[in-house]
Amino acid sequence: MTESTAETMKFEAEVGRLLRLMAHSVYSDKEIFLRELISNASDACDRLRYAGLSQPDLLEEGADFAIQVRIDKDNRQLIISDNGIGMNRDDLIKYLGAIAKSGAADFLATLEAGGGTDAHIIGQFGIGFYSTFMVADMVEARTRKAGETDAWLWRSDGEGAYTVEPAEKPGRGTDIILSLKEDEVEFLETFRLQSIIKSYSDHIPIPVHLSDTAEDVGEQANAGRALWTAQRSEATEDQHKEFYAHVGGMGDGPWRTLHWKAEGTLEYAGLLYVPSTRPFNLFDPERKSRVKLYVRRVFITDEAEELLPGYLRFLVGVIDSEDLPLNVSREMLQRNAVLRQIRNGVISRVLKDLTTAAEKDADGYAVFWENFGAVLKEGVYEDSENRDDLLKLCRFKTTAGESSVSLDDYIGRMKDGQSQIYYLTGEAGQDLRSSPQLEGFKARGVEVLLLDDPVDDFWPNMVGLYEDKMFASVTQGGAELDEIPLEDAPEEDAPPPGDIAPLIAQFKLALGEAVKDVRISKRLTESPVCLVADAGDMDLNLARMMQRHGEPAMQAPRILELNAGHTLIRALSSGMTDVESAENVDAYAHVMLDQARIAAGEAPLDPALYSKRIAELLAKGL
């Protein structure tokens, strides 16, 4: 083989940044590189086992899968081999030359900022392979894909480029050869590797053999038993933590563990984990499940969209069915009645467990909700069958304090005369508490839900009622506040509606079609004006969001409400006695409409004209 046969390629930019962090930083958990390589080898064996169901010729070299860890002290090398599906040239470039794009920028930013530890985050993005550069100054992957005759060698020193060239390999699968750094020779000691394999890979359902010679395979270093097949009482917390790291790529341990076996007309085993931290790709638009489907201990797929709904995509683990056919295809999964039954059973069990956790571990549930509440609320919108259970699990920020509350808590604190559940939607990071639309509610001590997740714009209208109480946006329609008394009587009564009728008429004339109506507000106590949507129109925040997504027709003119008791409104009303005052009122009408838009998180209709009007009114005042 000549040097000219090797192609040299540069890593994608994200990989280059990652490798610099891996190679030149000191981590406390370097040993996890072996966990990641064994996990990758296990996945390769699983994928070939499944592919062999429909293509038996791929298994002509045998169906006994194993992983080999071999020590070569003479060359300061550690070799991790598997007889799984292997890779061809295109696979090497695709999988070892780039990081999966989902969340990569956030992931790298966290690493560079020193957030978290490597054991907590390596493995979540398919970047576990690159952890090898923490301990090796040269990494090689010699591989041959099952069903193909050509073998390939991938090689890199982690300094920004890699080579791919034809190679010789007698059997299918992949050998990862690590040329260890001089100060990492601890990973050539048998007892050290035994400890790592036992700690991290004991329950991978494929035997892992450890040897320090090239002549024999050595002894099996892991139990090799699928943890989900064990009785719940037999599995220890440490074993669950190990397996969670294997299936979820996170080493911090799960918050909740659901381990059960359903028996009867339908038999399946479940081992699911609720993470204690949020994965970086949680909000990826593809909403992929992170739960693997097995049939009688044979891996089928980790992309069974029908196994769990998108709103439970934070779960990691395994579902193993006894009743699905081994040769089940993706097309069969989409219409399989057994899988639908399993799905319903898993959803029910997960929601029941979360309900128990919310009751018995309020602090832990608060952290869970902070991490995954925005995702779980997607189910309120999508899953009508489980909507009531999901609503009981929801927690909300409110105007009553910093702590999140349940809907049952909210209803229990409703004021006399209050018949609706009030809410205000906005964008994440927006200070909803300062919204003018809340003033009348605060003055009456009426609690309002503050909703700032994207899905919050949709589910309240879809749900309509909870415990016979209607959801009502404080920015939509006429707030029904007359039945609820003010907590503190105002020092001075606002003028009756008739006193500002001429001002309202002049505002309507000046603003024309820019507004749907001008009226006296029941919701304002401090601000002079605010915008609201009419009862049959779209909520303000939802309309803004639709407009940003190219739906300008959704933005109907809004109602401008005036605070009849505000000093400015009173002054404008009392000053309407001559033509010049009326002209001033026209200018004030446009300025105050733009101020209402600004308070609602929008820009003035014409920023330059708004600035000009402000300057003119200030000049006249001087």
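Residues whose amide H falls under 5 Å from that of VAL316, counting only those 5 or more places apart or on a different chain, are TYR273, with hydrogens built in the peptide plane. For the chain, hydrophobic long helices are taken as DSSP H runs at least 20 Å long by C-alpha position along their axis with mean Kyte-Doolittle hydropathy of -0.5 or more; these are 32-54, 337-360, 362-382, 579-599, 607-621. Computed over Cα pairs, the Kirkwood radius of the chain leads via Stokes-Einstein (1.567 mPa s, 4 °C) to a diffusion coefficient of 45 µm² per second. The listed residues HIS203, HIS590 rank as HIS590, HIS203 when sorted by accessible area, largest first, using a 1.4 Å probe.
Expressed as a whole percent, the accessible area of the range 240-387 that falls on carbon and sulfur atoms is 43 (1.4 Å probe).
The residue among SER156, PHE283, GLN437 whose Cα reaches farthest toward the positive pole of the charge dipole of the chain, with charges on the beta-carbon of Lys, Arg, Asp and Glu, is PHE283. Shown are GLU447, GLU467, whose ranking by accessible area with a 1.4 Å probe and every protein chain present, most to least, is GLU467, GLU447.
Can you grab the distance from the C-alpha centre of the range 268-328 to the C-alpha centre of the range 514-541, Å, no decimals? Centre-to-centre distance over Cα atoms comes out at 46 Å.
Taking amide H as placed 1.01 Å from N in the peptide plane, the amide H of VAL217 sits under 5 Å from none that are at least 5 places away or on another chain. In percent, rounded to a whole number, the relative contact order of the chain is 9, using alpha-carbon pairs under 8 Å and six or more apart. Shown in residue order for the range 309-315 are the 3J(HN,Hα) couplings computed by the Karplus curve 6.51 cos²θ - 1.76 cosθ + 1.60 at θ = phi - 60°: x, x, 6, 10, 5, 6, 6 Hz (x for Gly and Pro).
Each residue of the range 524-535 is assigned a 3J(HN,Hα), and the resulting list reads 8, 10, 10, 7, x, 9, 7, 9, 9, 8, 5, 4 Hz, derived from the Karplus form 6.51 cos²θ - 1.76 cosθ + 1.60 (θ = phi - 60°), x at Gly and Pro.
Phi-derived couplings, Karplus 6.51 cos²θ - 1.76 cosθ + 1.60 at θ = phi - 60°, listed residue by residue for the range 129-140: 4, 6, 5, 4, 6, 6, 10, 10, 9, 8, 10, 10 Hz, with x used for Gly and Pro. Solvent-accessible surface of the chain, averaged per residue with a 1.4 angstrom probe and all protein chains in place: 46 square angstrom.
The values are calculated or read from the model by the stated rules, or taken from the named source; none is laboratory data. Computed from a prediction, not measured in an experiment: that's the story for all the values here. Note: ideal-geometry Cβ built from the backbone for every residue, glycine included; neighbour counts use all protein chains shown. Side chains are part of the model used for accessible areas, which takes the heavy atoms of the whole protein and leaves out ligands, DNA and RNA. Shrake-Rupley method; radii C 1.70, N 1.55, O 1.52, S 1.80 Å.
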